[in-house]
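The values are calculated or read from the model by the stated rules, or taken from the named source; none is laboratory data. As the structure is a prediction and not an experimental result, all values here were calculated from the model. All Cβ positions, glycine included, derive from the backbone under ideal geometry; neighbour counts span all protein chains shown. These accessible areas exclude ligands, DNA and RNA; they are computed on the full protein's heavy atoms, side chains included. Shrake-Rupley method; radii C 1.70, N 1.55, O 1.52, S 1.80 Å.
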Amino acid sequence: MAAPELDLVLAYHKATKHHLNRYARGPGGLDWANQPDPFRRYAGAPLIQLDHIPAGERPLYEEVFLHGRLPIRPLERSSLSQLFYDSLALSAWKQAGGVRWSLRVNPSSGNLHPTEGYLICGPIAGLCDTPMICHYAPQIHALEQRTEVSLEVWRTLTAGVPEGTILIGLTSIHWREAWKYGERAFRYCQHDAGHAIAAVTLAASALGWTAMLLDDLSTDSIAALLGLDNPDSADGPEPEEPECLLAVYPQGTTCKSRSLPAELIESFKRLHRLGTANQLSLESVDWPIIEQVADATRKSATNGYGDGQRPTGPTLPVGSAPISFRSIVHQRRSCLALDGKTGLTREAFYQILRKTIPGPGQFPFTVLSWPPMIHFGLFVHRIEGIDPGLYCLVRDPSKLQPLRSAMKQEFAWEVPPGSPGELLLFRLLTGDARELAQQISCHQEIAADGCFSLGMIAEYEAPLSRYGAWFYRRLFWEAGLIGQVLYLEAEASGIRGTGIGCYFDDPMHQVLGLDDRRFQDLYHFTMGGPVEDTRLTTLPAYSVPLT
Ligand SMILES: Cc1cc2nc3c(=O)[nH]c(=O)nc-3n(C[C@H](O)[C@H](O)[C@H](O)COP(=O)(O)O)c2cc1C
């Protein structure tokens, strides 16, 4: 890895920290006339309508988190429709006065939705006779067909992945987030990509399928496959940045390769693409640091892990709550306010934390190609049976010592009562942490009024130096995956959660005693008893006519 790229990443991260006395550079106000359209459309591309598949009682929520628990559904029109419906589709509309906005199954910072989804597939019964590349349009739950490829090309492309594989591509439109958040937007785009990866992986698991990040592919190859390799001109539609490609295939089969043939992918650049991307805003503001960090974190074909490490950890028992996975996914919302009263039993708290620990066959973490890099600093407020205070969850046992030595030496590191052996959860300090949690989360009350909130503490300088600047994006993806699990766990526990992208990085480090770049706070999350905003009306997804 070239050192300038790593320097650039470190400089970007430092420049986009919020401080108690100064926020990261942003637009300073919202230019409503220029608000980006949340829906990218490719005008003129043939449309393939997908089916709306109402959520039933099965599969059960708990069945979806472990490999091999569910029957394998054949790849056909209805199962493919369900995959998108349960991951990237609209989930509801909200209305306040005369204003309406849509929500989606996958959450997004500020509801701005920078993540776009793509499908690359072979022939699918009831859907298409020819292999094709499509953009997914959540607004109408349909595919926009951008090109076709021959059966021969499709077979050669997918020779190294299991029979019945489809490929899901994810991209980011930086401008959607930068419009509101300025320079910090690149971070949020990466969080959102992580949430989307988790959403697709869990939706795949509900169909008896599995997903794997094709992490040996270069960013350029993903651009070529998805048809993003012609950078748009300054006054054209806002560009999409390639993020990742997932192979989705039946559980029980093995994917031997995390790549696709690079030479063949080169030929995709010459394919004729159908449809013209819409322009999302009248004009967009340039944030050069975002393009610099995007550039520095693109993955080349030679970047990789070297030693092929895989996640390791305990196998977790499956819980027994008989609730529908698909209902939970579609009802998932961010809390707008928390009641400051609702508590959790410690068993429920431990169960939630256990879901975030990757073990063999543990969805959605199976999709990632690296061992856990993220640990939690927790502010425990209202968990029955354990003291309020500051806690640490170590998600990879081999990182306990490095974390202990990086944090304040006076911390207790005491196991809380009833904590299951496989959960490396420690009480660091006892006390009321509500005010501190709120202050660190940009003074947002939701961080204090929940049962607990947490900061995701990423291993930072070592993996970036070891793998390369491109790994920076992956740290956020892992954080986003965890965030998605926490969102669903909150719903399944009868409470509500919210990702918190606005937090003060360095004050959180000071609380834990982190004073160098070994660890970096990357994302926050809170959950508790929600207070609904009664001024808002909720309308079902796809019930609002297009304007
Ligand atoms: C990466 C990320 C960061 C977020 N940061 C905050 C935050 O700092 N404060 C907040 O109140 N909500 C935050 N949210 C919640 C979003 O505003 C919410 O997901 C979005 O409005 C969509 O609503 P939904 O989650 O109900 O679909 C965040 C969500 C994500 C995914």
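The spacing between the range 115-146 and the range 432-462, judged by their C-alpha centroids, is 40 Å. Once Rg and the Kirkwood radius are both taken over the C-alpha atoms of the chain, their ratio Rg/Rh works out to 0.94.
Basic side chains Lys and Arg get +1 at the Cβ, acidic Asp and Glu get -1 at the Cβ, and with that the dipole of the range 318-426 about its Cα centre reaches some 400 debye. A dipole drawn for the range 457-516 from +1 and -1 charges on Cβ atoms has a positive end, and of Ala462, Phe504, Phe476 the residue lying farthest that way is Phe476. Projected over every direction and averaged, the convex hull enclosing the alpha-carbon atoms of the range 144-236 yields 8.0 nm². Out of every Cα pair in the range 105-163, what percent are spaced more than 12 Å from each other? When every Cα pair of the range 105-163 is considered, 72 percent fall beyond 12 Å.
Think of the chain as a dipole: +1 on every Lys or Arg Cβ, -1 on every Asp or Glu Cβ, centred on the Cα centre; then among Ala262, Thr538, Thr115, Thr538 lies furthest on the positive end. Helices in the chain that qualify as membrane-span-like (whole DSSP H runs, Cα extent of at least 15 Å along the helix axis, mean Kyte-Doolittle hydropathy of -0.5 or higher) are 3-15, 185-206, 471-492. Run through the range 96-193 and list the chymotrypsin sites (Phe, Trp or Tyr not before Pro) located in a DSSP loop whose Cβ has at most 12 other Cβ atoms within 10 Å. Those that pass, being in a loop and sparsely packed, number zero.
Rg/Rh, computed from the Cα trace of the range 185-255 with Rh as the Kirkwood radius, has the value 1.05.
3J(HN,Hα) along the range 264-275, derived from phi through the Karplus expression 6.51 cos²θ - 1.76 cosθ + 1.60 where θ = phi - 60°, amounts to 5, 4, 3, 5, 5, 5, 8, 5, 6, 9, 8, x Hz, with x in place of Gly and Pro. Cross-link pairs exceeding 25 Å in C-alpha to C-alpha distance, out of Lys17/Lys341; Lys17/Lys408; Lys355/Lys399; Lys299/Lys408, comprise Lys17/Lys341; Lys299/Lys408. Extension gain for the segment Arg404 to Arg100, taken as residue separation times 0.36 nm less the Cα-Cα distance, is 104.6 nm to one decimal. With q set to 0.18, 0.22 Å⁻¹, the log10 of I(q)/I(0) for the range 323-394, from the Debye formula over equal scatterers at the Cα positions, is -1.02, -1.24. When the Cα positions of Ser405, Leu436, Ile446 are compared along the charge dipole of the range 379-456, Ser405 comes out farthest toward the positive end, with charges on each C-beta of Lys, Arg, Asp and Glu.
What dipole magnitude, in Debye to the nearest 20, does the range 7-83 give about its Cα centre under +1 on Lys/Arg Cβ and -1 on Asp/Glu Cβ? It works out to roughly 340 debye. In this view, the solvent-accessible surface of His18, computed with a 1.4 Å probe and all protein chains in place, comes to about 20 Å². Put simply, the C-alpha atoms of the range 399-515 give a gyration tensor, and the ellipsoid matching it has half-axes of 23, 20, 17 Å, longest first.
Considering just Cα atoms, how many Å³ per residue does the convex hull of the range 470-547 enclose?
186 Å³
Would you mind getting me the FRET efficiency between His272 and Asp432? Use the beta-carbon distance for r and R0 = 41 Å, nearest 0.05. Computed FRET efficiency for His272 and Asp432 comes out at 0.05.
Quick check on the range 378-444: take the gyration tensor over C-alpha atoms, sort the square-rooted eigenvalues as a ≥ b ≥ c, and tell me if it's rounded (a/c under 1.5), prolate or oblate. Oblate, because a/c is 1.5 or more while a/b does not exceed b/c. Sorted from greatest to least, the principal axis extents spanned by the alpha carbons of the range 31-136 come out as 48, 37, 21 Å. Magnitude of the charge dipole for the range 439-487, about its Cα centre and with charges confined to Cβ atoms of Lys, Arg (+1) and Asp, Glu (-1), is about 280 debye.
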